[in-house]
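The values are calculated or read from the model by the stated rules, or taken from the named source; none is laboratory data. Small disclaimer: the values here were computed from a predicted structure and weren't measured. Quick reminder, even Gly has a Cβ in these numbers, built from the backbone with ideal geometry, and neighbours come from all protein chains shown.
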Amino acid sequence: MTSSVINVTCPHCLKTNRIPNERLEDKPFCGACKKPLFSGKPFELNQGNASKILGNTDLPVLVDCWASWCGPCRSFAPIFEAAALQFEPALLFAKLDTEANQQLGAQWRIQSIPTLIAFRGGREHTRISGALPLAQLEQWLEQEGLL
């Protein structure tokens, strides 16, 4: 019996790594840059890396679209970080600064922040706007089939 393999794009060097499904929990490192593929913290998404990471990663990616001037975004940041620590590697966590990446924010039609967008296979799967408590975030992720 052969094991299934998951493609995970390294958020540091953007190389796609093939990881056996049963090894995801083993804290794998990138074969190219040797940095951890999963850090338990959200990584920065931007115009330059978004299409490569979202399009070449088999795992769902949850993106927090935020801005530094947004009070609810700042209050939600520790909750999002706690979720990354709790739910990786079943789900990857990324942050998109909509002020620094206005073109991508417009392309994704971000109308309010914070907005969470879940991507699967490079395509938007679902989204929700507003800062959520951790329990409600977990409930939403389960309801959407992401956990």
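Would you confirm whether or not region 57-73 contains a residue that is within 13 Å of the chain's Cα centre (by Cα), surrounded by 15 or more Cβ atoms within 10 Å (Cβ to Cβ), under 23 Å from Cys10 (Cα atoms) and hydroxyl-bearing (Ser, Thr, Tyr)?
yes
Kindly evaluate Gly48 against the criterion of being surrounded by 15 or more Cβ atoms within 10 Å (Cβ to Cβ) and either in a loop (DSSP other than H, G, I, E, B) or touching a Cys at 6+ places or on another chain (Cβ under 8 Å) (or both). Before you say what the answer is, go through the steps one by one.
Working: surrounded by 15 or more Cβ atoms within 10 Å (Cβ to Cβ): no; either in a loop (DSSP other than H, G, I, E, B) or touching a Cys at 6+ places or on another chain (Cβ under 8 Å) (or both): yes.
Criteria not met by Gly48.
Taking the condition of being touching a strand residue (DSSP E or B) at 6+ places or on another chain (Cβ under 7 Å) and without any contact (Cβ under 8 Å) to a residue 12 or more places away in the chain, how many residues in region 29-51 meet it?
Adding up the residues that qualify gives 2.
Every residue in region 14-32 that is surrounded by 14 or more Cβ atoms within 10 Å (Cβ to Cβ) and either touching a Gly at 6+ places or on another chain (Cβ under 9 Å) or at pLDDT 95 or above (or both), please.
Let us first name the residues in region 14-32 that are surrounded by 14 or more Cβ atoms within 10 Å (Cβ to Cβ), namely 14-17, 19, 24, 28-31.
The answer is Leu14, Lys15, Thr16, Asn17, Ile19, Pro28, Phe29, Cys30, Gly31.
From the list Leu96, Leu104, Leu132, exactly one residue is assigned to a helix (DSSP H, G or I) and either of a type in the set (Val, Ile, Thr) or touching a residue at least 24 places away in the same chain (Cβ under 8 Å) (or both). Which is it? Spell out the reasoning first.
Details: Leu96 fails: assigned to a helix (DSSP H, G or I); Leu132 fails: assigned to a helix (DSSP H, G or I).
Matching residue, one of Leu96, Leu104, Leu132: Leu104.
Restricting the search to region 51-89, which residues are in a helix (DSSP H, G or I), closer than 22 Å to His125 by Cα and of a type in the set (Ser, Thr, Tyr)?
Selection gives Ser51 alone.
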